[in-house]
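Shown next, in structure tokens, is the structure this report addresses.
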Amino acid sequence: MMHEQGMQGPEAMFLMKIWEDLTEEQKTALIGRMIDAKIQMKENMIKHLKFKIDTFKMVKEYICECK
């Protein structure tokens, strides 16, 4: 699991050791939080893109009014 993120060396070994020591319940909770973090990141990206789209629409309206 940790290797997918590109970690190597002592840090990766340390994280793998921690992962091995977790209970199944802790692993499930951790995976759930990691998924929630990815969902939140994508939602924020979508909000940012919507804001940019709205801004460009405003600029287009202002340009059309000036003609």
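For the chain, find the longest principal axis of its Cα atoms and tell me its angle to the long axis of helix 24-66, 0 to 90°, nearest 10.
10
Can you tally the lysine pairs in the chain where the Cα-Cα distance is under 28 Å and the two residues are eight or more apart, or on different chains?
18
If N is the number of residues in the chain, what value comes out of its Cα radius of gyration divided by 2.2 N^0.38 Å?
On the way: Rg = 21.6 Å, N = 67, 2.2 N^0.38 = 10.9 Å.
That ratio works out to 1.98.
We did not get these values from a lab; they are worked out from the coordinates using the rules stated. Note that this is a predicted model, so its numbers are computed, not measured.
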